[in-house]
Every structure is written in structure tokens, then in C-alpha cells.
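Rule-based calculations on the coordinates, nothing more; no lab input. Given the structure is predicted, the values throughout are model-derived calculations rather than measurements. Positions of Cβ are backbone-derived with ideal geometry, glycine not excepted, and every protein chain shown enters the neighbour counts.
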Amino acid sequence: MSDLEAAVAAGVLGADEAHRALLQATVEVARAIFGAKAASVFLLDEEADELVFEAVAGEGEGDLIGMRFPAGNGIAGWVLTTGEPLVVDDLSSDTRWSRTQAESTGYVPKSMMSVPLLVDERALGVLSVLDRPTESKLRLAEVDLLGLFANQAAIALDLLQRARRARAALAGEGRLAPLARVAARLEEDERDTALELLTALDRLLAATS
Amino acid sequence: MSAAIELHEHEDEEELPAWSLPAEAVDRIRVPVTLPEQVTREWAWGGSTGAGVRVCILDSGVELEHPLVGRVDRSVAVLRDDDGELQVVDDAEGDLCGHGTACAGVVRALAPDAELTSVRVLGAGYKGGGETMLRGLAWAIEEGFQVVNMSLSTTRTKYVERLHELADHAYFKRVLLVASAHNMPVESFPWRFASVISVGSHEETDPLTFYYNPTPPVEFFGRGLDLDLAWLDGGTLRATGNSFATPHIAGICALILGKHPDLTPFQLKSVLYQTASNAREAA
């Protein structure tokens with residue numbers, strides 16, 4: 001999808017916030033479904049090759065957003081790179097992981113279910129459900145459910161990224177910035193007229209190509 | 001490499017038929033393993049410890065001197081050199097996640113005398129992941145390991161063709177690829193290829209219980225729920241996932257190959273089917 005199409009699809013302004021809310025709602029539902037203490041989404045920053053906390057529900061909510069980890073190491077890194085879900089039940093025995101986790105987030109979960117967020121053929125990040133109740137014995141159906149749920153989270157994350165790209169394209173010196181400025185200056189009925197003009201131009205180009 | 005060249009590699013004295021089978025050549029392709037009327041687990045791996053079988057763990061590395069893993073014969077990593085080229089080099093990093101150590105521990109528990117080699121294909125970050133995995137797999141096939149445990153997959157279609165070629169090459173080179181299936185609704189590889197053994201999880205606790213699935217693409221189910229596994233710093237950890245069911249099947253394959261080293265991947269898959277918990281007679 002081109003930046004312009006993405007911009008239109010994203011409804012352009014204010015969409016970033018709506019998509020962030022969608023992602024937040026997704027982790028909250030994930031936490032509720034599994035009766036867990038926390039759920040979180042890591043987004044892959046491909047440029048930096050790092051995982052970034054994008055949404056957190058429960059423990060750590062509010063403090064962790066924006067925190068970064070190398071994308072190739074640890075359990076989340078393994079899940080992202082191999083594309084395979086992983087459920088770990090007594091993380092405290094992984095002293096190396098717990099120490100890093102405690103130093104960086106202050107919250108050391110005992111258990112973690114992690115699943116890659118895949119859209120088409122891209123891995124966008126990792127969804128983790130932390131500390132589900134210890135008394136309930138894990139069933140494979142729960143892992144399958146997490147996989148299904150990850151699909152939904154992946155779509156939310158994809159929308160958020162598209163909205164960001166669209167906003168970047170429309171802002172400041174972005175390629176589509178002049179278009180956004182023109183659209184912003186127009187009154188509502190003028191905007192309709194401008195859109196009709198663009199539609200006519202589109203038809204003309206389609207007819208001549 | 002052509003099939004004819006492949007066959008010549010196995011030749012002892014007389015030329016083996018490549019593209020057709022003349023009547024006088026029938027004797028020359030006598031299959032070294034004759035299956036009994038009823039393939040039992042006793043026939044398949046009774047008395048075997050996996051001795052003489054070389055198993056490769058393609059993963060995050062394997063921790064050296066872990067009590068549940070024991071001897072690791074060789075550790076290599078796929079890394080980029082100064083020119084950006086991927087190279088397979090000796091590795092002293094150990095395990096960057098714990099997962100590779102866990103898989104090695106599962107194979108060791110089932111096949112105590114199998115030789116283990118670790119190929120670390122993780123740690124280069126996400127970006128280089130696909131190329132690194134392909135390079136590691138190609139190396140493992142060229143090295144001729146009898147069993148390669150691959151608890152990993154890719155969704156990138158740009159790697160599918162090369163991965164498919166490698167999987168088929170391995171199949172004819174008697175390198176058995178045992179790969180984790182995805183329990184998510186996504187298209188991923190190499191587990192979907194018919195030339196590999198794809199593994200999902202069942203919920204039982206016996207490590208030797210495994211099932212044949214008559215409705216693939218997942219062909220076998222191994223133990224994958226609530227496992228106590230070797231992990232970092234000599235420790236253990238309880239975990240669940242198809243990625244741990246995979247080394248269970250890899251370990252059973254090592255046992256079978258320890259007793260019947262001449263089995264081809266095709267024959268081995270057939271023995272697995274006949275000894276699967278849902279395919280054999282009530283003991």
C-alpha cells in the first residue's frame with residue numbers, strides 16, 4: 001500500500017491515538033482471557049533491530065512503554081526470530097533473564113506465554129502474557145488460543161504502524177505534506193469540491209493510461 | 001548435484017542404477033534394512049542408546065557442560081565476517097536464550113550416547129535471521145548429520161524456494177530434518193514440506209509417546225506440554241511448545257538410527273509411523 005493510500009485508509013489525523021487505544025484494548029483483553037497479571041506487546045524496530053514495549057496492561061502499565069531490548073536475544077527475541085510460540089513457567093530459575101528483567105522493568109514475572117505477531121509474512125513484534133494463575137494447569141488449547149489472539153493483535157499493530165507511516169508522510173517535509181496542508185486549509189464543503197476534482201483527475205488519468 | 005552423482009557416492013563396487021532399473025541390476029539395489037512382518041518398538045530401537053548417531057541442534061546455541069546435556073562434540077555459529085559474508089565459525093558464546101540447551105537436553109535424555117553438535121543461528125538480531133538459518137541448515141546438510149533438530153520456521157516467502165531445495169537435498173542425502181510445526185494460523189516453513197518430519201505437541205507425559213497424524217501437514221505429535229528442561233547457567237525450567245516436542249521426535253529418530261543406521265529418511269518416517277502410539281497393537 002502506498003503512503004497516500006495508507007494515509008487515506010488511516011483516516012489521517014487522530015488515527016494514531018485510536019490505533020494505540022485498539023492495541024491497548026487488545027493487551028487488556030489478552031490479560032483478561034488468561035486471568036494474567038500482565039500482558040504486553042513488543043514492537044520490532046527494524047532499523048535499530050530492537051524490540052520496543054508498545055502496550056502494557058497490568059503490572060508495569062505506564063512505566064514500560066518505550067523501553068527497548070535487543071531483538072535477537074532472550075525469550076522474546078527467540079520467539080520473534082524463530083516465529084514459534086513459547087510458554088515458560090518458572091522464569092525465576094532463569095537467573096540471567098530475571099536479573100536483566102528486574103534491572104530494566106522492576107517486574108520479574110514467574111511465567112510467560114510469548115507468541116510472534118505475524119502479518120502476511122512479516123514479524124511485527126511479540127505478544128506476551130505474564131503470570132497467568134498458577135493453580136490452573138496449562139492446556140495446549142490455551143496456546144492455540146494465544147496464537148489466534150496474536151493474529152488480532154498483529155492486525156492492530158499493523159494498523160498503528162501504517163498510521164504512523166502515513167502521519168510521517170503527511171507531516172513537515174514529508175512527500176505528501178503539501179496535500180495535507182491543502183486539505184487542512186479547506187472548509188468542509190470546499191473539501192468535498194476538492195475531492196470531486198481529484199476524483200475527476202483520477203478518472204482522466206485512468207482513461208488516458 | 002544430480003541424482004546420478006548422489007548414487008555414485010554410495011557405490012561400493014558395481015555401478016548402481018540411476019534413471020532406470022535393468023533386470024540384472026535388481027540384486028545390486030538390495031535394501032540394507034529388511035523390515036520384519038510387524039515393526040515393533042523393540043525392533044525399531046530396543047537396546048539402542050543413539051550411539052554413533054550425529055545430531056545437530058540448529059538453534060540459539062547450546063550451553064557447554066550443562067549437566068543435563070553432557071558432552072557437546074562441536075559448537076559453531078553462523079556469523080557475518082568483516083565483509084558482511086555469512087561464515088560458519090567455531091563458537092564459544094554458549095546459548096543466547098536457553099532454548100537450544102533445552103532441545104539438546106531432550107535429545108540427550110532420549111538418546112544418551114548420541115553425538116551432539118550445536119549450530120547457533122540466533123543472536124545476529126532479527127534482520128539477518130532468515131539468511132543465517134539457511135546458511136546454518138546448508139552447513140548441517142553438507143556435514144552429513146543424520147538428524148537435524150529445527151525448532152524454528154520462517155514466514156518469508158523469499159526464502160521458501162531455497163529452503164525447499166535444501167530440504168529435498170537433505171532428504172536424498174540421508175539427513176533427516178525434524179522441524180516444529182506452527183500452532184498458529186500462518187503459512188510458514190520448512191515444516192510444511194513433505195521431505196521433513198513435522199512435529200506438533202500432545203498433552204501426555206511419557207517422552208516416548210508420539211502419534212502419527214493421518215491428516216497432515218503436521219505429521220507427528222510429540223511430548224510438548226509442561227516439560228522440565230535444561231536451561232541457562234546449568235539450571236532447569238518448565239516450558240511448553242512445539243519447539244520442545246520436536247527434539248522428542250529427533251531423539252527417537254536418533255535411537256532408531258543408532259540401531260538401523262542404513263535407514264533412509266523415507267524408511268525412517270515409515271518406521272516412525274509403524275511405531276507411533278496410535279498405530280501399533282496394544283502392548
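It is to be established whether one or more residues within the range A:95-117 are at the interface with another protein chain (Cβ under 7 Å from one of its Cβ atoms) and over 19 Å from the mean Cα position of the chain (by Cα).
yes
Would you mind stating whether A:Ala57 is closer than 16 Å to A:Phe42 by Cβ and aliphatic (A, V, I, L, M)?
yes
Among residues belonging to the range B:201-222 that are assigned to a strand (DSSP E or B) and surrounded by 23 or more Cβ atoms within 10 Å (Cβ to Cβ), point out the one that is farthest from the chain's Cα centre (by Cα).
B:Ser201
Could you please let me know if A:Glu50 is within 11 Å of chain B (Cβ to nearest Cβ) and either of a type outside the set (Ser, Thr, Tyr) or buried (at least 16 other Cβ atoms within 10 Å of the Cβ) (or both)?
Taking the combined requirement at face value, the residue satisfies it.
Among all residue pairs at least 6 apart or on different chains, which show Cβ distances below 9 Å where the first residue, located in the range B:225-241, is facing another protein chain (nearest Cβ under 7 Å) and the second is in a strand (DSSP E or B) and surrounded by fewer than 19 Cβ atoms within 10 Å (Cβ to Cβ)?
B:Asp226/B:Arg238; B:Thr236/B:Asp228; B:Leu237/B:Asp228; B:Arg238/B:Asp228; B:Ala239/B:Asp228
What residue, of A:Glu121, A:Glu84, is surrounded by 20 or more Cβ atoms within 10 Å (Cβ to Cβ), at the interface with another protein chain (Cβ under 7 Å from one of its Cβ atoms) and either in contact with a Lys or Arg (Cβ under 9 Å, 6 or more places away or on another chain) or acidic (Asp, Glu) (or both)?
Only one candidate passes the filter, namely A:Glu84.
Test each condition in (1) surrounded by 21 or more Cβ atoms within 10 Å (Cβ to Cβ); (2) within 14 Å of chain A (Cβ to nearest Cβ); (3) among the aliphatic types (A, V, I, L, M) for B:Leu257 and report the one that comes out false.
Status for B:Leu257: all satisfied but (2).
Among the residues of the range A:126-152, count how many are outside any loop (DSSP other than H, G, I, E, B) and either within 12 Å of chain B (Cβ to nearest Cβ) or surrounded by fewer than 18 Cβ atoms within 10 Å (Cβ to Cβ) (or both).
Final tally of qualifying residues: 15.
Taking the range B:132-179, which residues are among the hydroxyl-bearing types (Ser, Thr, Tyr), surrounded by 19 or more Cβ atoms within 10 Å (Cβ to Cβ) and either without any contact (Cβ under 8 Å) to a residue 12 or more places away in the chain or within 14 Å of chain A (Cβ to nearest Cβ) (or both)?
Matches in the range B:132-179: B:Thr132, B:Ser151, B:Ser153, B:Thr154, B:Thr155, B:Tyr159.
Collect the residues in the range A:64-84 that are in a loop (DSSP other than H, G, I, E, B), under 20 Å from B:Phe244 (Cβ atoms) and touching a helix residue (DSSP H, G or I) at 6+ places or on another chain (Cβ under 6 Å), keeping them in residue-number order.
Within the range A:64-84, A:Glu84 is the sole residue that qualifies.
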